[in-house]
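Structure first, then comments.
The values are calculated or read from the model by the stated rules, or taken from the named source; none is laboratory data. Note that the structure is a prediction, hence the values are computed from the model and not measured. Glycine also receives a Cβ, built like all others from the backbone with ideal geometry; neighbour counts cover every protein chain displayed. Note: accessible area is taken over every heavy atom of the protein model, side chains too, but ligands, DNA and RNA are not part of it. Shrake-Rupley method; radii C 1.70, N 1.55, O 1.52, S 1.80 Å.
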Amino acid sequence: MSVLLETSQGDVVIDLLVKDAPKCCENFVKLCKIKYYNYSPVYNVQPDFSFQTGDPIGPESKDSDGGSSIWGLPDGATKRVSRPENMTFTANINPRRKHTEKGIVSMATTPSPTNPDERIAASQFVITLGENLEYLDGKAAIFGEVVEGFDVLEKINTAFIDKDGRPLKDIRILHTVVLDDPFDDPPGLIEPPSSPVPSAAQLATVRIAHDEELDENADPEEVEKLRREREAKAQALTLELIGDLPFADVKPPEHVLFVCKLNPVTRDEDLNLIFSRFGKILSCEVIRDKKTGDSLQYAFIEFDKKEDCERAYFKMQGVLIDDHRIHVDFSQSVSKLSDTWRDATNSKRQRGSGGFGGIADLEKRRQYRAVEGRKDRDADGRYGYLFDKEEARRRRQRDESLDRRQERARSRSPGRGRNYHNEQHDRRNERYGERRRDRSRDRYQDDRRIGSRQS
C-alpha cells in the first residue's frame, strides 16, 4: 500500500511496511485520509542526515500541540483533538529495520513518561537524507520508504535553512492522497469532503510563501516590509476568526482624531469648543477611568467631514491647551466599529434573519453614522454618534455626584466646615481693612506735616 504526498517541491510516493509496523502505518494512513497533514511545514532539516515534518502548525508556533495520533480524533481543518488522552500511542520499533538508505520514513518517537523502556509517537515523522544513519536506529520507528520523488528529497537537502533547520522559503505538504487503505476507520473518525483551507494558526507561521517568487536583488527593507505586512494580515485574520474584528481588512475611520497628552482637568466641552472652528463635530469624548472617573488624558474627536479632520490634524499639533502641549494623530481604533457590528450581529440572529452576522458584507464600508433610511437619528431620536452621548451624560452625573459627596465630607470635617471658611474670610477682610485704615492715617499725617512746613 502507498501514500502520495504532494509537496511544494514536488510529489513523493511512500510505500508502507504494513507487516513490520502495522500500528504506525494505520496512524499515518488515517491522518492522511482526514487531511491532517495538509499545509504542514518541513522543519528540522539536517543536510545529508534527515528532515522532519508532521506537526500541522509547526513546532515554533505557540498554538502547536506537537501533533496528535489518529486515536486522538483530531479535526482535519482546525487540527484540534477531541480525545486528548489518546494523542500518543506506543510505537513498536522493529529491530531488523535500520536507517541504512536515503528515503527511509519513520515515526519520530520519545521515551514514555510512564515506562522508559517504551517509546511513544503521535503524528510527526522523519525522512532520511543520507545513508547508514545509525543514530536513528532504536529512536525512530520505521514504517515506510520513499519509492518516487528522490529529486524532491534533494531539493529539501540543499534548501537554504536558518540555524534551527527551518527552510527560509517555506516547504510544505500541500495535499495527501491515500492510494490503498486496508484499515478500518476508528470510531468517530470524520473524513472531510474536500481538502480544508489552511487555518489561521498555519498562515501565521508563513515566512516566505512557497509560491512566492523571490527577487535576489530586492531591497532588504522592502523584503522586511513585505514580511511585516503578511504577518499583520495573518494576525488580522486570526482576530476576525475569534470575533474581535468584523472583517480582516477593516480600516480605521478617516474622520476621527486621536488627541493625547491632555491636562487631567480638560473636559469634553473644552475640546469641542476648540476643535469646532475646523468644522462640524459629531462627537467629542475625553476617555475616563471606569471606576474613578478620572481622565486618562486622551480623547477621540469625530468630525462630520474628512477634510475638516485633516485640517485640524495639521493645525492643532503641539498646541497648548490648559498648560499641556497636546499630540494629535488620526485614530487607529476600530473597537467602536467592532462593537457596532457585534451588536447588529446579535440583533439579527435574535430576529432569525440571516446567516453569520445577518449583514450584507458587514455593510462593509459603513462607518459610524446611523443606518441607511435614518438620515441622522436612531430609533430613540438620538444622533448616530461615534461615542454614546447617553453614556457620557451618565458619566457626568456620576462625576457631579462624586463632587457633592466630597463637599459634604469636607463640611463634616472638624474645623473645616462652612462656618470655618466664613470665619476665615471675615478675618482676612478685617485684617485687610485695618491695613488700609493704617495706610490712610499715615498719609493724612504726612500731608499735615508737609503743609505746616510750607506755611
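What the table shows:
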read-out	value
Residue in segment 324-337 that is surrounded by fewer than 19 Cβ atoms within 10 Å (Cβ to Cβ), in a strand (DSSP E or B) and in contact with a helix residue (DSSP H, G or I) (Cβ under 7 Å, 6 or more places away or on another chain) present	yes
Residue within segment 81-97 that is in contact with a strand residue (DSSP E or B) (Cβ under 7 Å, 6 or more places away or on another chain), buried (at least 21 other Cβ atoms within 10 Å of the Cβ) and part of a strand (DSSP E or B) present	no
Single condition residue 202 does not satisfy, out of (1) open to solvent by 30 Å² or more (accessible area, probe 1.4 Å); (2) polar (S, T, N, Q); (3) under 30 Å from residue 16 (Cα atoms)	(1)
Residue list for segment 121-164, filter: exposed (fewer than 15 other Cβ atoms within 10 Å of the Cβ) and within 31 Å of the chain's Cα centre (by Cα)	160, 162, 163, 164
Flag if residue 66 is on the phi > 0 side of the Ramachandran plot and either more than 35 Å from the chain's Cα centre (by Cα) or not in a loop (DSSP other than H, G, I, E, B) (or both)	no
Residue satisfying condition, being open to solvent by less than 20 Å² (accessible area, probe 1.4 Å) and acidic (Asp, Glu), within set 75, 117, 63, 55	55
Answer residue from segment 164-182, given it is in a loop (DSSP other than H, G, I, E, B), of a type outside the set (D, E, K, R) and at pLDDT 90 or above and is nearest to residue 232 (Cα to Cα) among those	171
Test: residue 183 is surrounded by 11 or more Cβ atoms within 10 Å (Cβ to Cβ) and either touching a residue at least 12 places away in the same chain (Cβ under 8 Å) or within 26 Å of residue 11 (Cβ to Cβ) (or both)	yes
Subset of segment 248-280 that is over 13 Å from residue 326 (Cβ atoms) and under 24 Å from the mean Cα position of the chain (by Cα) - its residue that is surrounded by the most Cβ atoms within 10 Å (Cβ to Cβ)	256
